[in-house]
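First, the structure itself, so that you have it in front of you.
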Amino acid sequence: MTIDKIPEEWVKLVKDIEEYHRRFIIFTLGENDTGKSTLCRYLVSQICHLGRRVAWIDSDLGQSILGPPATVGMRIVSPTEGEESPLFLRFVGSTSPVGHLLQTLVAVRTMMDKAIRQRVDGIVLDTCGFVTGRIGLEFKFQKIDLVNPTHLIALQKGRELEVLLRNFSYRRSLSLRRFPISEAVQPKSTDQRWEYRQEQFRKYFHEAKVVNFAFAGLGLHGHLPDFQSVQHWQGLLIGFCDEMNDTLALGIIQEVDLKRKQFSCLTPLQPKQRVRSIQFGSLHLDSSGQELILKK
């Protein structure tokens, strides 16, 4: 989405951040096709031009800009580093928070803590459009409460978010703002969203190689598969983690030998990266990065 005319609400928010002399945390909230990601990119760019060092956290698992799908990504952007600074990842395990609510919340909070330790001036958080229904509303409520933002930006077409916003409307430490949807927003079909995910996976695994691993000495967590059967192992998406459980790289399991406790995996993991644990996801991909639907 490109915008010829920047909405005045966006410009005013940047101006207010310029005059805000504490660490800010901006939380963008809205359904699909409301312009959250475009707003976040604009905010990061403009605030960076003010000379501020900003952590951009992308928690839109299915339509991620930072990092591959199924991850929460973070990049710290500053006038000197720009958008080529190191990318930090936390593997969640799926392109939807459904079934991975806890992993998503922990990933976001972990990235925030990392950003704060690196003394950023502020954080801009992009979120997914899962904000409807009982589970979606409660998930977003808990996420907002966990993040404790200084600025909550609600992008809504009408009043669809009000039942959620009322929970935070009296919080004195929070600036709650309701933004209309930009006319430049172009809705994406389900097929377009699916194709975007496949393309992002293809790019991520484009130069990946098949590497052999042993389970011995490695921690195992996430959606653990059946260690008595190899039926659902092939194509399983996994995350290779360091000692802090941050994600070093993703991988697609190719073959597994449960008797020898060994497996081969397609991954861009670098030899110098020291793996301490493996996180199992719930997605299956072929070697090109295409999502597979397995029969249960």
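Just a yes or no: is a residue in the range 194-211 farther than 21 Å from Ala70 by Cα and without any contact (Cβ under 8 Å) to a residue 12 or more places away in the chain?
no
Of these, Gln198, Gln192, which one is surrounded by 15 or more Cβ atoms within 10 Å (Cβ to Cβ), of a type outside the set (Asp, Glu) and within 30 Å of Gly235 (Cα to Cα)?
Gln198
Scan the range 172-180 and give yes if some residue there is closer than 26 Å to Leu146 by Cβ and either under 20 Å from the mean Cα position of the chain (by Cα) or of a type in the set (A, V, I, L, M) (or both), otherwise no.
yes
Follow-up question, since we're still on this one. Hey, does the range 115-131 have a residue that's surrounded by 15 or more Cβ atoms within 10 Å (Cβ to Cβ) and without any contact (Cβ under 8 Å) to a residue 60 or more places away in the chain?
Checking the range 115-131: at least one residue is surrounded by 15 or more Cβ atoms within 10 Å (Cβ to Cβ) and without any contact (Cβ under 8 Å) to a residue 60 or more places away in the chain.
Follow-up question, since we're still on this one. State whether one or more residues within the range 233-248 are aromatic (Phe, Trp, Tyr), assigned to a loop (DSSP other than H, G, I, E, B) and within 19 Å of the chain's Cα centre (by Cα).
No, because not a single residue in the range 233-248 is aromatic (Phe, Trp, Tyr), assigned to a loop (DSSP other than H, G, I, E, B) and within 19 Å of the chain's Cα centre (by Cα).
So which residues in the range 127-149 are part of a loop (DSSP other than H, G, I, E, B), hydrophobic (A, V, I, L, M, F, W, C) and within 18 Å of Leu174 (Cα to Cα)?
Within the range 127-149, none qualify.
Quick grid of which residues meet (1) modelled with pLDDT of 95 or more; (2) closer than 23 Å to Leu237 by Cβ; (3) among the small types (Gly, Ala, Ser):
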| residue | (1), (2), (3) |
| --- | --- |
| Thr2 | no, no, no |
| Ile6 | no, no, no |
| Trp10 | yes, no, no |
| Phe27 | yes, no, no |
| Trp56 | yes, no, no |
| Ile76 | yes, no, no |
| Glu84 | no, no, no |
| Gly93 | yes, yes, yes |
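The values are calculated or read from the model by the stated rules, or taken from the named source; none is laboratory data. If you're wondering where the values come from, they're calculated on a predicted model, not measured in any experiment. Here the Cβ is made from the backbone with ideal geometry for all residues, glycine too, and neighbour counts use every protein chain on show.
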